Amino acid sequence: MRKKHKNIEADHSHLCYKPCGFKKEELEKIELLEEEMEAIRLSDYNGLYHEECAKKMEISRSTFSRILAKAHQKIADGLLNTKAIRIVK
């Protein structure tokens, strides 16, 4: 199955976030996909409605909602369970 292209405005793939006081090598890592980071940026940071976010990413609203829910789950896991979060393409 071929993945549909998603329009992503900014490259965040060089970013990694980790809890303070821990060496990166000691932490379990979570990979946040670039499309998940874009969904967070559009919805949570820019405050856009899901329909508008989906149009900007050139995907359906239901696909956008699934991507955003997965991103929220991964971020919560990282914050609550002391894991590093790495953005990947």
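Sparsely packed loop sites in region 1-81 (the trypsin sites (Lys or Arg not before Pro) outside DSSP H, G, I, E and B with at most 16 other Cβ atoms within 10 Å) comprise Arg2, Lys3, Lys4, Lys23. The chymotrypsin sites (Phe, Trp or Tyr not before Pro) of region 37-88 meeting both criteria, a DSSP state outside H, G, I, E and B (loop) and at most 16 other C-beta atoms within 10 angstrom of the site's C-beta, are Tyr49.
Taking each of Lys24/Lys55; Lys24/Lys56; Lys29/Lys56 in turn, the alpha-carbon distance tops 32 angstrom for Lys24/Lys55; Lys24/Lys56. Per residue, the chain exposes 68 Å² of solvent-accessible protein surface, assessed with a 1.4 angstrom probe and all protein chains in place.
Assuming charge only on the beta carbon of Lys and Arg (+1) and of Asp and Glu (-1), the dipole of the chain about its Cα centre is about 260 debye to the nearest 20.
Hey, with R₀ at 30 Å, roughly what FRET efficiency would Ala10 and Lys70 work out to, going by the Cβ-Cβ distance, to 0.05? About 0.95, to the nearest 0.05. Per residue of the chain, the DSSP helices (runs of n ≥ 4 H) give a summed -39500 (n - 2.57) that works out to -12000 deg cm²/dmol at 222 nm. Working note: Karplus 6.51/-1.76/1.60 with θ = phi - 60° gives region 34-44 the couplings 3, 5, 5, 5, 5, 4, 4, 4, 5, 7, 7 Hz, where Gly and Pro are set to x. Here the chain has 53 percent of its accessible surface on carbon and sulfur atoms, given a 1.4 Å probe and all protein chains in place. Within region 64-83, find all residues whose amide N lies under 18 Å from a label point positioned 7 Å from the Cα of Lys23 along Cα-to-beta-carbon. Under 18 Å, as judged by backbone N against the label point of Lys23, lie 83 of region 64-83.
The values are calculated or read from the model by the stated rules, or taken from the named source; none is laboratory data. Here the structure is a predicted model, which is why all the values come from computation and not from measurement. Positions of Cβ are generated from backbone atoms using ideal geometry, with glycine treated the same way; all protein chains shown enter the neighbour counts. Remember, those area values only see protein heavy atoms, side chains included, never the ligands or the DNA or RNA. Shrake-Rupley method; radii C 1.70, N 1.55, O 1.52, S 1.80 Å.
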